[in-house]
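The values are calculated or read from the model by the stated rules, or taken from the named source; none is laboratory data. Computed from a predicted model, the values in this text were never measured in an experiment. Positions of Cβ are generated from backbone atoms using ideal geometry, with glycine treated the same way; all protein chains shown enter the neighbour counts. Ligands, DNA and RNA are stripped out before the accessible areas are found, and what is left, the full protein with its side chains, is counted by its heavy atoms. Shrake-Rupley method; radii C 1.70, N 1.55, O 1.52, S 1.80 Å.
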Amino acid sequence: MKKVVVCLLAFVLLGLPSWADEGMWIPMLLKKYNIEDMQKAGFKLTAEDIYNINQASLKDAVVGLGFERSPFFHFCTGEIVSDQGLVITNHHCSYSMIQAHSTLEHNYLRDGFWAKSLKEELTNPGITASILVRMEDVTEKIRAAVNDGMDEVTRAKKIKEVCERLEAAAVEGTNLKANIKPYFNGNQYFMCVFKIYRDVRLVGAPNSAIGKFGGDTDNWMWPRHTGDFSVLRIYAGPDNEPAAVSSSNVPYKPARSFKISARGIKEGDFTMVFGYPGTTKEYLTSFAIDQVAEVENPHKVKIRTAKLNVINAAMESDELLRIKYSAKAASVANAWKKWQGEIKGLERFRTAEHKRELEQRFDAWANASGKKQYVGLTARYRELYDARRDYILASAYASEAGLGGAEVLGLIASLDKAFETYGETEDKEAFKNRLKEFARAFYKDYDAETDSRILKEMLALYNNGGLAEEWIPEEVRAAGDDLTGKLFHKSIFTSQERLEAFIDNLSPKAIAKARKEPLYRMMTGIQTMAKEKIMPRLSEIERELTMLNRTWVAGLMEMQPDKVFYPDANSTLRVAYGKVAGYEPRDGVYYLPYTTLSGIMEKDNPAIYDYDVPQRLKDLYHAKDFGPYAQDGDVPVCFVATNHTTGGNSGSPVLDAEGNLIGVNFDRAWEGVMSDMQYSAEICRNIAVDIRYVLFIIDKYAGARRLIEEMDIVF
Ligand code: ARG
Ligand code: GLU
């Protein structure tokens, strides 16, 4: 702790970045800001080796995984590891794809899946793989279109117009897609141009006992033993260009793929993570931190705890329920656990206090400099966050306990939106078929009994969880036991059969009648509360906060002209660099930075679902049949490093000093998850699965030699 303070001081005095290893950097600016520092830390290549628009560079082997309907949001990252478009990402990134292909007969989640030939690789319509072609700083072009006198709404509209024009012009006559995003809270703008492939197939995934070993028990934790990887392949048209899913597509030939190093790592080695981090909030003020730690997180955690208790009990009781609910449970539990870690980390690192000190310095500087946009800024922050408190809490309940609570309410909300266009846009039969399609997908993973129990818990919390009465919708207050009992099980919306019958006889009258159902009325009540009472003022507050944040970050940069700032994550390609390092989770304890197969055997417990080690893995272990992937007589499994990462970095390549793939990023350590708001090199760690474990599982465990042969592995 003390050591860190000394370093900090030295950095402040020297004007260097305040934390070594902190930061998610922009690839095109590495040359300007980071490369010397990276090389000092051990990196052996140049900035052009990472990002070069004139010839192939490492960036061409990094893919952002997305959805066709929202191509610029990347839910995960992947890396190309062969000249035939083979991609490695996480098991949890492909989880929904694996689940979608799973049935009770072919349970790929439970048993794993390995395509034996290209023909057996499974298509996933709707999933995309984006490769960054180039980026460009367009700040000046956008600045030219706005001025300080504009109100936020006009300004946003203007910026949107300019962005659309620039994006269209940038890709005119090509099959590329351009997207401009704000950086540094709207102080800068960069355009990213992508080639987006639309045929991404599932090639292989280990069984969950490996790919999700430790499950939600170990999630966000170190030491870790999860083989969290899966294998995909990008397909392209015969011309190697993006094409819709088709049997005439062929494996994509990339400009660049990663070489894999099986040479091993040791503490202190340089590492770099190259991927698509989603969202961070490093420049929040103390007022915001307090609100997260004291209001938002505790309530959301409480609501999700209740929900998880119901879902987990259902999953324990029945194998089919486990299939239906495992992806949902994982996603509910994921943020639930992170929020708890965040609260602890923010307290432990006294983040709000540090921010308050910064704010005091800022105020003094602002007053002395007399720049009027900065004077009184922090006071206004305080007022706004005070005003925001009730609204954000009511909004958390409306979404976590309300529309995102029992699933049936979410279903009704979606149908309600569809009903509004009934008879307007498309042919009635087509409309009905579309609704039925939607309903089928919903009910595939739905269990009415479980959902009724969730609703019961949610209503109890909505009413008695600490929300002031004025924020509780009438229908929620009035709900009695019959709503989660008899009425629930008679509702049109809690059975596929009843809903399909309803759709068959759809008419404005039938819709009007359905709207009177108690569940429907409850959905409407929550929506109305949100629309009429919460959102108008909350959006106003958020709009002003957006403006303040822009000013605040601009001010911080002005106040510390020698400090190199990095922009918050925004789902664009970034580089984080650091080193392999253990850490002290608490007084007197040091965690080594790597784990091994022996550690999996230590955790083995057939009675606990998350720790049930597959027999085949035990056999390989006892026979010491490790192939060329062992080190010191054991197979390395996971490691931790100081790379600054966040959600979206899942599946990102973890590279060594020569740019070789040494691991696949999949998580962060619990003690340091507050890094989205404050990074500390002392304790923030990203967790990667060691590439040697990945290769061991593919080769020795799954016997998928054809994949190993495609890869370029150096031993
Ligand atoms: N915590 C990791 C992430 O944020 C892994 C999540 C999936 N795994 C799980 N057990 N829920 O994505
Ligand atoms: N598991 C996260 C993801 O899905 C990565 C862990 C993190 O948040 O750093 O991207």
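Miscellaneous remarks
- Summed over region 637-670, residues that are surrounded by fewer than 24 Cβ atoms within 10 Å (Cβ to Cβ) and away from ligand 2 (no atom under 12 Å from the Cβ) total 5.
- Filtering TYR611, TYR621 for residues that are of a type in the set (Phe, Trp, Tyr), away from ligand 1 (no atom under 16 Å from the Cβ) and touching a residue at least 24 places away in the same chain (Cβ under 8 Å) leaves a single hit, TYR621.
- Residue identified as without any contact (Cβ under 8 Å) to a residue 60 or more places away in the chain, in contact with a helix residue (DSSP H, G or I) (Cβ under 7 Å, 6 or more places away or on another chain) and within 16 Å of ligand 2 (Cβ to nearest atom) among ASN297, ASN312: ASN297
- Taken over region 56-96, the criterion of being away from ligand 1 (no atom under 14 Å from the Cβ), open to solvent by 10 Å² or more (accessible area, probe 1.4 Å) and either touching a residue at least 60 places away in the same chain (Cβ under 8 Å) or in a strand (DSSP E or B) (or both) is satisfied by ALA56, ASP60, PHE67, GLU68, SER70, PRO71, PHE72, PHE73, ASP83, GLN84.
- Checking each residue in region 323-338 for being aromatic (Phe, Trp, Tyr) and within 12 Å of ligand 1 (Cβ to nearest atom) picks out only TRP336.
- With respect to the conditions (1) in contact (Cβ under 8 Å) with a residue 12 or more places away in the chain; (2) open to solvent by less than 60 Å² (accessible area, probe 1.4 Å), GLY480 falls short on a single one, namely (1).
One line per residue, one yes/no per condition, for (1) modelled with pLDDT under 95; (2) closer than 30 Å to GLY345 by Cα; (3) in a helix (DSSP H, G or I):
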site: LEU506; (1), (2), (3): yes, no, no
site: LYS513; (1), (2), (3): no, no, yes
site: GLU532; (1), (2), (3): no, no, yes
site: SER539; (1), (2), (3): no, yes, yes
site: THR551; (1), (2), (3): no, yes, yes
site: ALA554; (1), (2), (3): no, yes, yes
site: ASP562; (1), (2), (3): yes, yes, no
site: TYR566; (1), (2), (3): no, yes, no
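- Helices (runs of 4 or more DSSP H) completely within region 126-225 that count 1 or more residues being within 30 Å of TYR325 (Cβ to Cβ) and either open to solvent by 50 Å² or more (accessible area, probe 1.4 Å) or away from ligand 2 (no atom under 16 Å from the Cβ) (or both): 208-211, 215-218
- Annotation: of all residues in region 264-287 being within 21 Å of the chain's Cα centre (by Cα) and more than 16 Å from ligand 2 (Cβ to nearest atom), the one that is surrounded by the fewest Cβ atoms within 10 Å (Cβ to Cβ) is TYR283.
- Single unsatisfied condition, SER326 versus (1) open to solvent by 30 Å² or more (accessible area, probe 1.4 Å); (2) under 24 Å from HIS91 (Cβ atoms): (1)
- Screening the candidates GLU319, GLU353, GLU357 for the property of being more than 16 Å from ligand 1 (Cβ to nearest atom), surrounded by fewer than 19 Cβ atoms within 10 Å (Cβ to Cβ) and under 24 Å from PRO585 (Cβ atoms) yields one hit, GLU353.
- Residue match in region 676-699 (condition: within 16 Å of ligand 1 (Cβ to nearest atom) and open to solvent by 20 Å² or more (accessible area, probe 1.4 Å)): no
- Sole exception among (1) within 16 Å of ligand 2 (Cβ to nearest atom); (2) free of Cβ contacts under 8 Å to residues at least 40 places away in the same chain for SER247, by number: (1)
- Residues that are of a type in the set (Gly, Ala, Ser), open to solvent by less than 60 Å² (accessible area, probe 1.4 Å) and out of contact with any Leu (no Cβ under 6 Å at 6 or more places or on another chain), drawn from region 434-465: ALA448, SER452, ALA460, GLY465
- Residue selected from region 248-260 under the condition over 16 Å from ILE127 (Cα atoms) and in a loop (DSSP other than H, G, I, E, B), by the criterion least open to solvent (accessible area, probe 1.4 Å): PHE258
- Filtered residues of region 410-425 (kept if without any contact (Cβ under 8 Å) to a residue 60 or more places away in the chain and surrounded by 12 or more Cβ atoms within 10 Å (Cβ to Cβ)): GLY410, SER414, ALA418
- Once region 579-607 is narrowed to residues that are in contact (Cβ under 8 Å) with a residue 40 or more places away in the chain and assigned to a loop (DSSP other than H, G, I, E, B), the residue that is most open to solvent (accessible area, probe 1.4 Å) is LEU592.
- Residue in region 365-378 that is of a type in the set (Ser, Thr, Tyr), modelled with pLDDT under 95 and open to solvent by 60 Å² or more (accessible area, probe 1.4 Å) present: no
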